[in-house]
Amino acid sequence: MIRAVLIWLLLAAPAFAVQPDEVLDDPALEERARELSKGLRCLVCRNESIDESNADLARDLRLLVRERLVAGDSDSEVIDFVVARYGEYVLLRPRTDGANLILWIAGPASLLAAAGIGAAYLRKRRVVHAPEALNREEAERLRQILDD
């Protein structure tokens, strides 16, 4: 019974889509390839890394990453090559420089602006103006109305 439960747990664990024929002989290069693959988006599956995806395009990208590493490229050169070929959308975590900086800042800035506008509205709404005192003529007219 325990053996069956263990087998089911192992089968339920997330499996990576890397095929045995893709694995590099050098364990250090393979580890680098796996780390790079975790940060690249599968263009077919959208929010899944190429390391987890079974799509043919993901396999092609995994092979491309390994090919570039074997050719001697650094990690940043591999990422730059893939981004130049497929665009920044291929990055699961977009860069925080250039035009992307505006996108990173826009969300928190909008939240702060909305909070400021809301606070100003509530502060303005709470202010109660005290009525002005009646002058002599108004007070006399009020007494006449009340007396009648």
In region 27-59, how many are in contact with a Gly (Cβ under 8 Å, 6 or more places away or on another chain) and either more than 20 Å from ASP73 (Cβ to Cβ) or aromatic (Phe, Trp, Tyr) (or both)? 0
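Determine whether ARG32 is modelled with pLDDT under 85, surrounded by 11 or more Cβ atoms within 10 Å (Cβ to Cβ) and not aromatic (Phe, Trp, Tyr).
Working: modelled with pLDDT under 85: no; surrounded by 11 or more Cβ atoms within 10 Å (Cβ to Cβ): yes; not aromatic (Phe, Trp, Tyr): yes.
So ARG32 does not fit the description; no.
On the given criteria, is SER49 assigned by TED's automatic domain parsing to the domain that holds ASP26, closer than 30 Å to ASP26 by Cβ and surrounded by 11 or more Cβ atoms within 10 Å (Cβ to Cβ)?
Details: assigned by TED's automatic domain parsing to the domain that holds ASP26: yes; closer than 30 Å to ASP26 by Cβ: yes; surrounded by 11 or more Cβ atoms within 10 Å (Cβ to Cβ): yes.
The answer is yes for SER49.
Assess whether LEU64 counts as being without any contact (Cβ under 8 Å) to a residue 24 or more places away in the chain and either of a type in the set (Ser, Thr, Tyr) or in the same structural domain as LYS38 (by TED's automatic domain parsing) (or both). Let's see the steps before the verdict.
Details: without any contact (Cβ under 8 Å) to a residue 24 or more places away in the chain: yes; either of a type in the set (Ser, Thr, Tyr) or in the same structural domain as LYS38 (by TED's automatic domain parsing) (or both): yes.
Yes: the conditions hold for LEU64.
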With (1) closer than 30 Å to GLU48 by Cα; (2) at pLDDT 85 or above; (3) of a type in the set (Val, Ile, Thr) as the list, and ILE117 as the residue in question, which single condition is left unmet? (1)
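Taking the stated definitions as given, is GLU77 surrounded by 10 or more Cβ atoms within 10 Å (Cβ to Cβ) and among the acidic types (Asp, Glu)? Show your work before the answer.
On the way: surrounded by 10 or more Cβ atoms within 10 Å (Cβ to Cβ): yes; among the acidic types (Asp, Glu): yes.
Against the criterion (surrounded by 10 or more Cβ atoms within 10 Å (Cβ to Cβ) and among the acidic types (Asp, Glu)), GLU77 qualifies.
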Among helices (runs of 4 or more DSSP H) completely within region 48-140, the ones holding 1 or more residues that are in contact with a Cys (Cβ under 7 Å, 6 or more places away or on another chain) and small (Gly, Ala, Ser) are 56-70
Quick check, is ALA133 over 25 Å from CYS42 (Cα atoms), surrounded by 10 or more Cβ atoms within 10 Å (Cβ to Cβ) and either in the same structural domain as GLY39 (by TED's automatic domain parsing) or of a type outside the set (Asp, Glu) (or both)? no
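The values are calculated or read from the model by the stated rules, or taken from the named source; none is laboratory data. Bear in mind that the values here come from a model prediction, so they are computed numbers and not experimental data. Quick reminder, even Gly has a Cβ in these numbers, built from the backbone with ideal geometry, and neighbours come from all protein chains shown.
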